[in-house]
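This report concerns only the one structure given below.
Please treat every number below as a calculation from the coordinates, not as lab data. Note that the structure is predicted; figures quoted are calculated from it, not measured. Using ideal geometry, Cβ is built from the backbone for each residue, glycine included, and neighbour counts are taken over all protein chains shown.
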Amino acid sequence: MDSGTLSDFHLDVLKEVSNIGAGNAATSLSSLLGRAVDMRVSRVVPMPFNGIVDYAGGAERMILSVFVRIEGGISGNMLFVMGTSDALALISHMTGASGGEGFTDMGLSVIHEVGNIMIGSYITALSDFLGFELTPSVPSLAMDMAGAILAFSLSEIGRSSDTAIVIDGCLSLDGNPLSEEESSHIFLLPDPDSFGRIFQALGVAGHGGR
Amino acid sequence: MAVVRVGIAESGVVMNPDSISTLGLGSCVGVTLYDEKRRVGGMVHVMLPSTELARGTDFNRSKFADSAVPDLLKQMIRYGADERRIKAKLAGGAQMFSLGGNADSLLKIGSRNVEACRKVLSALRIPILSEDTGGSWGRTVELFSDSGMLEIRAIGREKKLI
């Protein structure tokens, strides 16, 4: 299924998928931090690859990202993405470090673990909701330019399209983004042939065609 | 002097004194071609190694090494470059994440991209003057059409000219 053929109804269904997955991830982070974390917005937007990079703050923006490949009933990539100031705020909240020393190994492993927990709970919720067995890869952390991280994550989708449907959950802590910078994101990037399977699993495959 | 920006799976050609740049190459490869006499420089941001991976027949040719590089060569010739003088430089093809097990072929996309670019350049008889490929970090590159030098910038690394 090409992103251009999705109806508004189907985009709404995907938004619900994001609400459930990212909502569950926010709950996990909440219990980890002992503070309110919620989903600020769920967005489902078909975007050209270069637009996705801009959406994440531009190709050269430094981000921290935890990446997981999903296989099983549906396949795709998941990314937990934080800006550097968000990440430092989170590390300082969890370890008491001042953040003045930048990213230590300990700090990076905190982000790695947070990303792991968030993506894991997203996938669990997704798997329950859709009734699919989903197998995640070992989560991996990178701190680098957003363009480099995102283009890699889009390479499978690139086989059939120059556009991806970004299923994005923006997270906020205590009603605010973790810092002044743009809030953190949890992206689901399903492979193109997975959309049909999601709609079939939810019994809405025939609805809302254009 | 203008800087022409090339996005993911896009290409462009510039003439002296302009430069051409692409930002945040990860597993993608920036292939540059240059004719030092005419001072014409071209760049393409390759995302995948081969059109054999494409699903369907209506695809963006600038995305795949085996279609993107020959197309860029043609574009260079239209700008007055002489095929016999054109030389190439490569950058990118990193492995951004390290995962275990079944995700292997996905992860090796960077080195597969580099291999594919080398292969297609060799088939076109274009020599590769230099490259900065592999590793696990992102790169921003800029080709200067007055000199043919390729500048490579990465987070936490010294700027490099190849």
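Descriptive notes on the structure:
- Helix axis angle, A:105-130 relative to chain A longest principal axis, alpha carbon, degrees: 30
- Chain B: C-alpha gyration tensor shape, a/c 1.5 cut-off, then a/b vs b/c: oblate
- Rounded to the nearest 500, the helix-only mean residue ellipticity at 222 nm of chain B stands at -6000 deg cm²/dmol, with each DSSP H run of n ≥ 4 adding -39,500 (n - 2.57).
- FRET efficiency, A:Thr135 to B:Lys87 (Cβ-Cβ, R0 51 Å, nearest 0.05): 0.65
- For A:Asp105 and A:Glu71, the FRET efficiency from 1/(1 + (r/R0)^6), where r spans their Cβ atoms and R0 equals 25 Å, is about 0.25.
- When each of B:Lys108/B:Lys159; B:Lys119/B:Lys159; B:Lys37/B:Lys160; B:Lys74/B:Lys160; B:Lys37/B:Lys87 is checked by Cα-Cα distance, pairs over 19 Å: B:Lys108/B:Lys159; B:Lys119/B:Lys159; B:Lys37/B:Lys160; B:Lys74/B:Lys160
- A simple spin-label model places pseudo-atoms 7 Å from Cα toward Cβ; at A:Val204 and A:Glu113 they are separated by 3.7 nm.
- Ascending count of other beta-carbon atoms within 10 Å, so fewest first, for B:Met96, B:Met1, A:Met62, B:Met76: B:Met1, A:Met62, B:Met76, B:Met96
- Between 0 and 90°, nearest 10: helix B:65-78 axis offset from chain B longest Cα axis: 10
- Net charge dipole, region A:3-203: roughly 220 debye, given to the nearest 20, about the Cα centre with Cβ charges of +1 for Lys and Arg and -1 for Asp and Glu.
- Note on region A:1-60: dipole from Cβ charges, positive end direction compared against A:Met47, A:Leu33, A:Ser18; the farthest Cα belongs to A:Leu33.
- A simple spin-label model places pseudo-atoms 7 Å from Cα toward Cβ; at B:Lys37 and B:Lys160 they are separated by 3.1 nm.
- Over 40 Å [Cα-Cα, the protein assembly as shown], rounded percent: 17
- Put a plus charge on the Cβ of each Lys and Arg, a minus charge on the Cβ of each Asp and Glu, and nothing anywhere else: the dipole of the protein assembly as shown about its Cα centre is then about 1300 debye.
- The calculated pair-distance distribution of chain A uses every alpha carbon pair, bins of 10 angstrom beginning at 0, and gives 9, 37, 37, 15, 3, 0 percent.
- Size of charge dipole - chain B - debye, nearest 20, with Cβ of Lys, Arg +1 and Asp, Glu -1, no other charges: 160
- Within-14-Å neighbourhood charge of B:Arg84 [Cβ basis; K, R +1; D, E -1]: +1
- Ordered by the number of other Cβ atoms lying within 10 Å of each residue's own Cβ, fewest first, A:Tyr55, B:Tyr34 fall into the sequence A:Tyr55, B:Tyr34.
- By the beta-carbon count within 10 Å of each Cβ, the least crowded to most crowded order of A:Thr124, B:Thr22, A:Thr163, fewest first, is A:Thr124, A:Thr163, B:Thr22.
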